[in-house]
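Coordinate-derived values only; no laboratory data. Bear in mind that the values here come from a model prediction, so they are computed numbers and not experimental data. FYI the Cβ positions are ideal-geometry reconstructions off the backbone, even for glycines, and counts take in every protein chain you see.
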Amino acid sequence: MNCKSLARILILVLAVVALAACGVEQPVDVKAITSQPKTFVGSDTCKMCHLEHYDSWKMTQHSRMIQDAKKNRDVIVVPIDEKRIRADLAKLSKKLKVPADKIYVPTVDEILYTIGSQWKQRYIVRKDGTLFISPIQYNLETHRWVNYQRRLPQHRGGFRETDLQ
Ligand code: HEC
């Protein structure tokens with residue numbers, strides 16, 4: 001057999017293998033996928049194809065960035081003590097745009113999700129059907145409450161519940 005015909009057979013074999021592989025895989029309907037409303041699909045979706053990455057990610061703090069405070073109160077790392085929070089905020093009074101006694105401080109019951117748990121923690125609450133990051137932050141290293149004003153521009157100050165599911 002000469003080189004050319006060997007190459008032809010090889011190409012044919014590869015083509016058959018490729019076709020067989022296509023037959024086994026579920027056809028991906030790109031149109032159907034892209035016409036779906038864009039929502040947060042959650043890490044379980046990624047796990048299907050990225051098991052290795054998923055497992056290593058799960059072991060790190062990154063996987064605990066946003067936690068459901070309604071499912072588990074223990075994710076709130078510090079007592080939500082309004083008096084103590086306002087006392088800490090008052091120490092920053094010169095830097096505050098909103099006076100310390102006017103800053104919105106959520107109650108424990110209003111906290112739906114926590115953001116962060118190792119260095120700092122912020123709290124997600126719902127106002128008029130939209131989720132917001134409340135304007136307070138607890139710094140775990142200094143054990144101090146500070147104000148939090150920055151909002152993610154893409155969220156225009158709030159975001160949908162589905163962004164977190
Ligand atoms: C249906 C299977 C499938 C699912 C589900 C999936 N991925 Fe992927 N992902 C892939 C494939 C295939 C690649 C391309 C790998 C390559 O080119 O080496 C990829 C690539 C990536 C990359 C780029 C990796 C790199 O090296 O640049 C990232 C990041 C990624 N995926 C994240 C995610 C996240 C996050 C999710 C869940 C929201 C997810 N993927 C869900 C199949 C999937």
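What to note about this one:
- For segment 64-164, the Cβ-based charge dipole about the Cα centre amounts to some 420 debye (Lys, Arg positive; Asp, Glu negative; other atoms uncharged).
- Tally of Lys pairs whose C-alpha atoms are under 15 Å apart, taken over segment 76-129, 8 or more apart or cross-chain: 4
- Mean-position separation - Cα centroids, segment 45-98 and segment 112-140, in angstrom: 7 Å
- Estimated inter-spin distance, Ser56 and Thr130, nm [label 7 Å along Cα→Cβ]: 3.9 nm
- Full extension of the chain between Gln36 and Asp109 yields a length gain of 23.0 nm, computed as 0.36 nm times the residue separation minus the alpha carbon distance.
- The ellipsoid that matches the Cα gyration tensor of segment 64-164 has semi-axes, each √(5λ) in whole angstrom, of 21, 17, 12, with the longest given first.
- Peptides ranked, highest mean first, by Cβ atoms within 10 Å: ranges 131-138, 116-123: 131-138, 116-123
- Positive-pole candidate from Tyr148, Leu92, Leu131, dipole of segment 64-164, charges at beta carbon: Leu92
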